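The values are calculated or read from the model by the stated rules, or taken from the named source; none is laboratory data. This one's a predicted model, so the numbers in the text were calculated from it and none came from an experiment. In this analysis, Cβ positions are derived from the backbone assuming ideal geometry, glycine residues included, and neighbour counts consider all displayed protein chains. With ligands, DNA and RNA removed, areas are computed over all heavy atoms of the protein, side chains included. Shrake-Rupley method; radii C 1.70, N 1.55, O 1.52, S 1.80 Å.
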Amino acid sequence: MSELKEKIKEAINKHLDTAIALSKDLAEHPELPYQEFESSRKMAEILKEAGFEVTYPYAGYDTAYCAKLDNGDGPSVALLAEYDALPEIGHGCGHNLHGSLSVLSGLALMDLKDKFKGTLYVIGTPAEEENGAKIGMAEQGIFDDMSMAVMMHSSSGGYSLPDMDVLSLRCYEVEFFGETAHAVAAPWNGKSALSAARKFLDLIDARRECFTPDIHVNSVILDGGKAPNIIPDYSKIRMEFRTSSMSRLEKVDEMIKKCANAAAMALDCTVTLTFGLSDFADMVRNYPLENKITELMAGYGLKVGDVPPASGSSDVGNISYRCPAMQSMLSITDENFALHTRDFRDATLKPQAHDAMAKGACCLADLSLKIFNDDSFRNTVYEAWQKELKNKQSD
């Protein structure tokens, strides 16, 4: 192992107990999205004590923070930290562990600041489980000049993955408005908003046989009326649809609106569509970054698998439209525990998870130093990002 890698391991091990204690503390005191006041404060205080210039709150979010190390002229790198929990389950997604991992990587790089020039950020990003703050941060341009923004996400099964591919997502609340009438005495005086909603879903289903494999449309009826003897004058559907790119998302959006307007017109109703969430972008993957993190994972003793096809969505995707970005998946247990479960939550507190955290933090620190110090690699990463972004935008 090279001298630099030995120094990275030494720096990680120096701060590992702090990171483990932080992870345990977050697990014992889980906080819901946008309510992570104590979680974010504890992270910000650790980073401030280590010498970072901390802005807290940050970017208009009460529970966001930005810890900055200005280490001279050079590239900028952001380590992303998550820390919100789930209702009832707590940290069933492992944010306590991989949020602490990002802090650990930042602490190690502070100790290694004589090894690079540039600006390092550790950015606390609230509410990944809800309307993720990374979306708003990306819209504000916070990541526009970054050479790289990265994090690791906890996973299971024994094999870590270089990246997480995700789909773009848009959410609508679709409301139909009609007229009430007695369902038996005078139904001809009514205009059924429920029938319009049902026809809307029928039209979407009629389009499914022409969907490309990346298109997914899922809906629930939130309000279909109050009593069966009244023609409903109001109905409400919550709908999410996903695609492989933001440009394709807009094409599906046109189809959704056509079906909604057609259903309303056919049933003499009116319809409105309002956003239920901010848009989640798909991942602009960066293969030079993925290849390098694969090499580093193996070098630090992690077993590495292949990136599976895109399935869910993540607010890291929004950052990937602004700068080279990656969200590696770090296996913290050999057991195949699903995310958002109590079993996975409990796995974050075990020694194997802490060992994985240390190895993952070594990888992020090493990758960051590569971006800071290797002009050729950094340019290759940037050029690959530009090319993939162009492909996404023309899809």
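What is the Cα convex hull volume of the range 230-331 when expressed per residue in Å³? Write out the running numbers ahead of the final one.
Details: hull volume 13.3 nm³, N = 102.
Output value, Cα hull per residue: 131 Å³.
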Fill in: Linear extension gain, residue 261 paired with residue 218, 0.36 nm per residue minus alpha-carbon span
13.7 nm
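So how strong a dipole does the range 274-395 carry about its Cα centre when Lys and Arg Cβ are +1 and Asp and Glu Cβ are -1, to the nearest 20 debye? Walk me through the numbers before you get to the answer.
On the way: 13 positive and 17 negative charges, 31 e Å.
For this selection, approximately 160 debye.
Report the extension gain between residue 37 and residue 130 in nm, rounded to one decimal, defined as 0.36 nm multiplied by the number of residues separating them, less their alpha carbon distance.
Numbers: separation 93, 0.36 × 93 = 33.48 nm, distance 1.60 nm.
Taking 0.36 nm per residue and subtracting the Cα distance, the gain is 31.9 nm.
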Discussion item. If I take all pairs of Cα atoms in the range 140-189, what percentage of them are more than 16 Å from each other?
Written reply: 74 percent
Response to the item:
Residues other than residue 142 with Cβ under 15 Å of its Cβ, Lys/Arg counted +1 and Asp/Glu -1, net out at -1
Worksheet item: How about the range 154-249: which chymotrypsin sites (Phe, Trp or Tyr not before Pro) there lie in a loop by DSSP and see at most 15 other Cβ atoms within 10 Å?
Response: 159, 211
Discussion item. To make sure I understand the rule: partners must be lysines, Cα under 18 Å from the Cα of residue 134, and not fewer than 8 residues away in the same chain. Which ones qualify?
Written reply: 68
Worksheet entry | Simple label model, 7 Å out from Cα along Cβ direction - residue 6 to residue 173, nm | 6.1 nm
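Can you pick out the pairs among 113/303; 9/115; 236/392 whose Cα atoms lie more than 21 Å from each other?
113/303; 236/392
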Worksheet entry | Under-5 Å amide H pairs with residue 329, H placed in peptide plane, nonlocal only | 153, 161, 163
Item to complete: Using a 1.4 angstrom probe on the protein heavy atoms only, line up 170, 41, 378 by accessible area, largest first.
Response: 41, 378, 170
Fill in: Alpha-carbon Debye profile of the range 1-63, log10 I(q)/I(0) at 0.13, 0.19, 0.28 Å⁻¹
-0.48, -0.83, -1.17
Worksheet item: What number, in percent, do you get for the relative contact order of the range 285-374 if the mean sequence gap of Cα pairs under 8 Å and at least 6 apart is divided by its residue count?
Response: 37 percent
Discussion item. Suppose we keep just the alpha-carbon trace of the range 159-218; what are its Rg and Dmax in angstrom?
Written reply: 19.2, 65
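Stick to the Cα atoms of the range 89-145, pair each with every other, and give me the Kirkwood hydrodynamic radius in Å at one decimal.
By the Kirkwood definition, the hydrodynamic radius is 13.4 Å.
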Worksheet item: Pick from 203, 296, 22: which residue has the top mean-square fluctuation in a GNM of the chain where Cα pairs under 10 Å get a spring?
Response: 203
Worksheet, complete the sentence: Sorted largest first, the Cα spans of the range 2-144 on the principal axes come out in Å as 45, 33, 24
Worksheet, complete the sentence: SASA check, residue 284, accessible area w/ 1.4 Å probe, all protein chains in place, rounded to nearest 10 Å², comes out at 0 Å²
Response to the item:
Zone reached by a paramagnetic label modelled 7 Å from residue 186 Cα along Cα→Cβ, restricted to the range 222-259 with backbone N below 17 Å, covers 229-233
Discussion item. I'd like the accessible area for residue 380: 1.4 Å probe, protein heavy atoms, all chains in place, Å² to the nearest 10.
Written reply: 60 Å²
Item to complete: On the protein heavy atoms, probe 1.4 angstrom, tell me the percent of accessible surface of the range 297-359 carried by carbon and sulfur.
Response: 49 percent
Fill in: ³J(HN,Hα), Karplus 6.51/-1.76/1.60, whole Hz, each residue of the range 31-41, x for Gly, Pro
10, 6, x, 6, 10, 7, 5, 6, 4, 5, 4
Worksheet item: Across the range 274-384, how large is the tail of the calculated P(r) beyond 15 Å, expressed as a percent of all Cα pairs?
Response: 71 percent
Worksheet entry | Calculated Rg and Dmax of the chain using C-alpha coordinates, Å | 23.6, 87
Discussion item. Residue by residue through the range 232-243, what is 3J(HN,Hα) from phi via Karplus (6.51 cos²θ - 1.76 cosθ + 1.60, θ = phi - 60°)? Round to whole Hz and write x for glycine and proline.
Written reply: x, 9, 8, 8, 9, 10, 10, 10, 10, 9, 10, 8
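Considering Cα pairs under 8 angstrom that are at least six residues apart, work out the relative contact order of the chain and quote it in whole percent. Before the final figure, lay out the partial values.
Working: 903 pairs, mean separation 88.9, N = 395.
This gives 23 percent for the chain.
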Item to complete: Express in Å², to the nearest 10, the accessible area of residue 210 obtained by rolling a 1.4 Å probe over the protein heavy atoms while all chains stay in place.
Response: 100 Å²
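Roughly how big is the chain's charge dipole about its Cα centre, with Cβ charges of +1 (Lys, Arg) and -1 (Asp, Glu), in debye to the nearest 20? Working shown, then result.
Numbers: 40 positive and 59 negative charges, 119 e Å.
Taking the Cα centre of the chain as origin, the dipole is about 580 debye.
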Worksheet item: When the helix-only estimate is applied to the chain (DSSP H runs of n ≥ 4, each -39,500 (n - 2.57), divided by the residue count), what is the mean residue ellipticity at 222 nm, nearest 500 deg cm²/dmol?
Response: -13500 deg cm²/dmol
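Roughly how many percent of the accessible protein surface of the range 43-171 is carbon and sulfur, given a 1.4 Å probe and a whole-percent answer? Don't skip to the end; give the middle numbers.
Details: 1540 of 3780 Å².
That fraction is 41 percent.
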Worksheet item: How much length is gained if the chain between residue 380 and residue 338 is pulled fully straight, taking 0.36 nm per residue apart and subtracting their Cα-Cα distance, in nm to one decimal?
Response: 11.6 nm
Practice prompt. Apply the Debye scattering formula to the range 53-98, with a single equal point scatterer on each alpha-carbon and no solvent, then give log10 I(q)/I(0) at q = 0.16, 0.18, 0.29 Å⁻¹.
Written response: -0.61, -0.72, -1.06
Worksheet, complete the sentence: Per residue, accessible area of the range 177-308 with a 1.4 Å probe, heavy atoms of protein chains only, in Å², comes to 52 Å²
Worksheet entry | From the C-alpha gyration tensor of the range 207-246, square roots of 5λ in Å | 31, 11, 6
